[in-house]
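Student: This structure is in structure tokens; I'll ask about it shortly.
The values are calculated or read from the model by the stated rules, or taken from the named source; none is laboratory data. Quantities reported herein were computed from a predicted structural model and do not represent experimental measurements. Here Cβ is always computed from backbone atoms with ideal geometry, including for glycine, and neighbour counts include all displayed protein chains.
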Amino acid sequence: MSAPIFVYGTLLDPAVLARRGGDARLARRMVPAILLGHRRVALRGTPWPTLRPDRQGAVAGEVIHPPAAALRRLAAYEGAEYRLCPVRVLTPRGPLRARAWMAPPWRADVAPWP
């Protein structure tokens with residue numbers, strides 16, 4: 001298993017996560033999580049979200065623990081716009097070090113993502 005991944009956008013949809021990750025079990029093992037110090041915004045010029053630092057912000061999402069093959073598939077889905085960045089999230093079991101896909105700051109819009 002790879003490091004935990006914090007998902008906060010399209011991968012929150014269990015059907016999308018299963019299809020893009022190639023593993024239906026991923027959605028059944030999602031754990032609620034909150035990322036403090038960020039907000040979810042639109043990725044400039046796309047319908048997709050990214051994260052932008054914001055001291056007052058909080059982003060609700062889920063943590064998954066994808067096997068290596070699923071992580072490779074998810075990385076391909078996320079594309080070259082995003083990089084996995086270290087984050088610290090709060091889960092029902094306490095704080096957790098994870099990674100989240102984020103675009104470069106200059107690509108983050110100020111408008112919230114739906």
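Student: For Asp109, all conditions in the list (1) modelled with pLDDT of 95 or more; (2) surrounded by 13 or more Cβ atoms within 10 Å (Cβ to Cβ) hold save one; what is the number of the exception?
Tutor: (1)
Student: Taking into account only those residues within segment 76-106 that are within 14 Å of the chain's Cα centre (by Cα) and of a type in the set (Phe, Trp, Tyr), which is surrounded by the fewest Cβ atoms within 10 Å (Cβ to Cβ)?
Tutor: Out of the qualifying residues, it is Tyr77.
Student: Counting only residues that are over 12 Å from the mean Cα position of the chain (by Cα), outside any loop (DSSP other than H, G, I, E, B) and modelled with pLDDT of 95 or more, how many does segment 1-31 have?
Tutor: Looking only at that region, the number is 8.
Student: Pick from segment 1-11 the residues that are over 11 Å from Trp101 (Cα atoms) and in contact with a strand residue (DSSP E or B) (Cβ under 6 Å, 6 or more places away or on another chain): which of them is surrounded by the fewest Cβ atoms within 10 Å (Cβ to Cβ)?
Tutor: Here the answer is Ala3.
Student: Ok, one more. Confirm whether Leu51 is within 22 Å of Leu90 (Cβ to Cβ), more than 12 Å from the chain's Cα centre (by Cα), touching a residue at least 24 places away in the same chain (Cβ under 8 Å) and outside any helix (DSSP H, G or I). Talk me through it step by step, then tell me what you get.
Tutor: On the way: within 22 Å of Leu90 (Cβ to Cβ): yes; more than 12 Å from the chain's Cα centre (by Cα): no; touching a residue at least 24 places away in the same chain (Cβ under 8 Å): yes; outside any helix (DSSP H, G or I): yes.
So Leu51 fails the test.
Each row is one residue, and each column tells you yes or no for (1) in contact with a Pro (Cβ under 7 Å, 6 or more places away or on another chain); (2) farther than 23 Å from Ala27 by Cβ.
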residue: Val59; (1), (2): no, no
residue: Glu62; (1), (2): yes, no
residue: Ala69; (1), (2): no, no
residue: Arg88; (1), (2): yes, yes
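Student: From Arg97, Arg83, Arg88, Arg44, grab the single residue that is touching a residue at least 60 places away in the same chain (Cβ under 8 Å), of a type outside the set (A, V, I, L, M) and within 15 Å of Phe6 (Cα to Cα).
Tutor: Values: Arg83 fails: touching a residue at least 60 places away in the same chain (Cβ under 8 Å); Arg88 fails: touching a residue at least 60 places away in the same chain (Cβ under 8 Å); Arg44 fails: within 15 Å of Phe6 (Cα to Cα).
None of the other options fit; the residue is Arg97.
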